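Student: Here it is, the structure, as structure tokens.
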Amino acid sequence: MKWHGCKTCNNRLYVGDMDTVSLAQQFETPLYIVNEERVRSRCREFLHEARARWPKSEIAYASKAFCCKAMCALVASEGLHLDVVSGGEMHTALSAGFPPDRIEFHGNNKSEKELGFAVENNVGRIIIDSQSELQLLSKVCTKLKKTATILIRLNPGVDPHTHASISTGNHDSKFGVPIIDKQAITLVKEIANNKYPNTKLIGFHCHVGSQLLDLEGLGEAANVMVSFANDVKIATGIEIEELNLGGGLGIRYLNDHNPPAIGEFFDALLEPAKAAIKKFGLKPPRMVFEPGRSLIGDAGITIYEVGAIKASASGKKFVSVDGGMSDNPRPALYQAKYHALLANRATENPTETVCVVGKSCESGDILIPQIQLPEAQRGDYLAVFSTGAYNYSMASNYNRLPKPAVVFVMNGKADVVVRRESLEDITSHDELPSRFILSRS
Ligand code: LLP
């Protein structure tokens, strides 16, 4: 099977040596299953491949892809850094015991409260997204009598050839400080003139886009970044210590996808970076990379139970499952494609083309518009592959559907790392002020 850690046995789908059908029966559906061995081996491969090419490298897992305490602890135990983008992600990491000095705080609109939280907790790096944010951070630091280590996120003006909604480094993106119109160099000159007390600039950051299968844009961005570092050295004398080139490596969603290897991702970024650093005679900086999807995406599978099966007037056959856009909004948001099979009939040949739909009250709640499956019955289990990234982390309670549990499996053992929400959880934040209390007649 092309799906890592998956095999079939007695017509059933296994992952991490666990029978997915038994897991579905034990933990109920929908159920996110994560193959822990795959996540750990990706962490190690990222570190190894980066350091083989550039010894002074760090890997910061982009926790937006999938964030919970166990994941933060796993990443810490593998020696990685962590990219967080909100007070919520930061709190999750800190409450899992993640070393604060290895946390990098991102985001294009960090609040004063979030900045204060980061500074008070000695978070390692704050990635500044705008001049106005730097002003605010300097004020926060001065009040707290602390110094924050910062990088500036730059907009390198590169088109990474991916879906428009996940392209982040083009000229019109909301992220980063533009290089092209001199906003970035102006900001660095202000920093050099001590305009932002209690902040210490150590480098620059960029991230051009996500689910990249064509790596050309990465090399272009690396070139722009090093050349900007050289402009800064010339204009201010500041030589950077750190260059963070972001994440973005794509993964397999369909059988015929062939995503680049981790080594190819690093070659695409580091070959041009190395050449440019040599050309300008810059001091080699520490390099940081921020994979999210490619570290956990293909380690995840979602298991659903099949419910209603019916046909439209035009003959289109619908197979409905007990989740959908509430646990995986990606097909609706980005027209993302997924592969699936029946977990309890995993070796049966497909006999028909169906449309897999969710249970939300929304016509766009289509998980897979067209897929070949054996004739599904109510009670079958459907396994959707590569749901480890941006599924649980983007799940919602639309229609007041409780969020599914997340189970990590390894060596024949399954552990719940996120409990399934209950119906009580759904109403746990509701208040019923006295004038709304219905009297019983
Ligand atoms: N670093 C920064 C600053 C980022 O903004 C991101 C992703 C990453 C790293 C990690 O990128 P990755 O390696 O996962 O491609 N919700 C969308 C993806 C949004 C990505 C946002 N930023 C999706 O489901 O496709």
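The values are calculated or read from the model by the stated rules, or taken from the named source; none is laboratory data. None of these values were measured; they are calculated from a predicted model. Note that each Cβ is placed from the backbone with ideal geometry, even for glycine, and that neighbours are counted across all protein chains shown. Calculation scope for accessible area: heavy atoms of the full protein, side chains included, ligands and nucleic acids excluded. Shrake-Rupley method; radii C 1.70, N 1.55, O 1.52, S 1.80 Å.
Student: Return the residue satisfying two criteria in turn: it lies in region 55-79 and is part of a loop (DSSP other than H, G, I, E, B) and surrounded by 22 or more Cβ atoms within 10 Å (Cβ to Cβ), and of such residues it is nearest to the ligand (Cβ to nearest atom).
Tutor: Going through the qualifying residues, I end up with Phe66.
Student: Is it the case that region 246-257 has a residue that's closer than 15 Å to Val226 by Cα and polar (S, T, N, Q)?
Tutor: Of region 246-257, the ones closer than 15 Å to Val226 by Cα are 246.
After this cut, where a residue has to be polar (S, T, N, Q) as well, the list is none.
No, region 246-257 has no match at all.
Student: Return the pair list, or none, for Cβ contacts closer than 6 Å from residues in region 288-310 that are of a type in the set (Phe, Trp, Tyr) to residues that are away from the ligand (no atom under 14 Å from the Cβ), at least 6 apart or on different chains.
Tutor: Tyr304/Thr29; Tyr304/Pro30; Tyr304/Val321; Tyr304/Asp322; Tyr304/Gly323; Tyr304/Leu382
Student: Right, another one. One residue is enough: does region 96-103 have a residue meeting the conditions of a type in the set (Asp, Glu) and open to solvent by less than 10 Å² (accessible area, probe 1.4 Å)? Quick ask: steps written out before the conclusion?
Tutor: So the first thing to find is which residues in region 96-103 are of a type in the set (Asp, Glu), and the list is 101.
Add one more test, that the residue is open to solvent by less than 10 Å² (accessible area, probe 1.4 Å), and what stays is none.
So far as region 96-103 goes, no, none of its residues is of a type in the set (Asp, Glu) and open to solvent by less than 10 Å² (accessible area, probe 1.4 Å).
Student: Scan region 234-256 residue by residue and report those that are of a type in the set (S, T, N, Q) and either in a loop (DSSP other than H, G, I, E, B) or within 16 Å of the ligand (Cβ to nearest atom) (or both). Walk me through how you get there before you give the answer.
Tutor: To start, the set of residues in region 234-256 that are of a type in the set (S, T, N, Q) comprises 236, 244, 255.
Listed by number, the residues that qualify are Asn244, Asn255.
Student: Still on this structure, please answer the following. Restricting to region 309-335, and then to whatever is within 22 Å of Asn11 (Cβ to Cβ) and either in the same structural domain as Ser210 (by TED's automatic domain parsing) or open to solvent by 30 Å² or more (accessible area, probe 1.4 Å) (or both), can you tell me which residue is nearest to the ligand (Cβ to nearest atom)?
Tutor: Our first condition is that a residue be within 22 Å of Asn11 (Cβ to Cβ); within region 309-335, this holds for 309, 319, 321-322.
Filter once more, so that each one left must be either in the same structural domain as Ser210 (by TED's automatic domain parsing) or open to solvent by 30 Å² or more (accessible area, probe 1.4 Å) (or both): 309, 322.
Working: Ile309: 29, Asp322: 22 Å.
Checking each candidate, the answer is Asp322.
Student: So Pro284 clears everything in (1) open to solvent by less than 50 Å² (accessible area, probe 1.4 Å); (2) in contact with a helix residue (DSSP H, G or I) (Cβ under 7 Å, 6 or more places away or on another chain); (3) in contact (Cβ under 8 Å) with a residue 40 or more places away in the chain; (4) assigned to a loop (DSSP other than H, G, I, E, B) except one condition, right? Which one?
Tutor: The single condition Pro284 does not satisfy is (1).
Student: Of (1) open to solvent by 10 Å² or more (accessible area, probe 1.4 Å); (2) closer than 19 Å to Lys337 by Cα; (3) away from the ligand (no atom under 12 Å from the Cβ), Ser210 satisfies all except one. Which?
Tutor: It fails just one condition, (3).
Student: While we're on this one: Can you name the strands (runs of 3 or more DSSP E) wholly within region 336-435 that have at least 3 residues being among the β-branched types (Val, Ile, Thr) and open to solvent by 10 Å² or more (accessible area, probe 1.4 Å)?
Tutor: 413-418
Student: So which pairs qualify, if the first residue must be in region 5-20 and modelled with pLDDT of 95 or more, the second must be of a type outside the set (A, V, I, L, M, F, W, C) and assigned to a loop (DSSP other than H, G, I, E, B), the Cβ gap must be under 6 Å, and the two must be at least 6 apart or on different chains?
Tutor: As it stands, the answer is Thr8/Thr347; Asn11/Thr347; Val15/Gly5, since those pairs meet every condition given.
Student: A further question follows. Is it the case that Glu49 is in contact (Cβ under 8 Å) with a residue 60 or more places away in the chain, open to solvent by 10 Å² or more (accessible area, probe 1.4 Å), over 18 Å from the mean Cα position of the chain (by Cα) and on the phi > 0 side of the Ramachandran plot?
Tutor: For Glu49, the condition - in contact (Cβ under 8 Å) with a residue 60 or more places away in the chain, open to solvent by 10 Å² or more (accessible area, probe 1.4 Å), over 18 Å from the mean Cα position of the chain (by Cα) and on the phi > 0 side of the Ramachandran plot - is not met.
Student: How many residues, within region 222-240, are open to solvent by 50 Å² or more (accessible area, probe 1.4 Å) and among the β-branched types (Val, Ile, Thr)?
Tutor: Of the residues in region 222-240, 1 are open to solvent by 50 Å² or more (accessible area, probe 1.4 Å) and among the β-branched types (Val, Ile, Thr).
Student: Does at least one position in region 268-281 carry a residue that is away from the ligand (no atom under 16 Å from the Cβ), outside the structural domain of Met18 (by TED's automatic domain parsing), in contact with a strand residue (DSSP E or B) (Cβ under 8 Å, 6 or more places away or on another chain) and closer than 30 Å to Asn223 by Cα?
Tutor: Yes: one or more hits.
Student: For region 289-302, which residues satisfy the criterion of being under 15 Å from Arg44 (Cα atoms) and of a type in the set (Val, Ile, Thr)?
Tutor: Of everything in region 289-302, just one residue is under 15 Å from Arg44 (Cα atoms) and of a type in the set (Val, Ile, Thr), namely Ile296.
Student: Here is a further query. Output the residues belonging to region 107-162 that are open to solvent by less than 60 Å² (accessible area, probe 1.4 Å) and at positive phi.
Tutor: Gly107, Gly157
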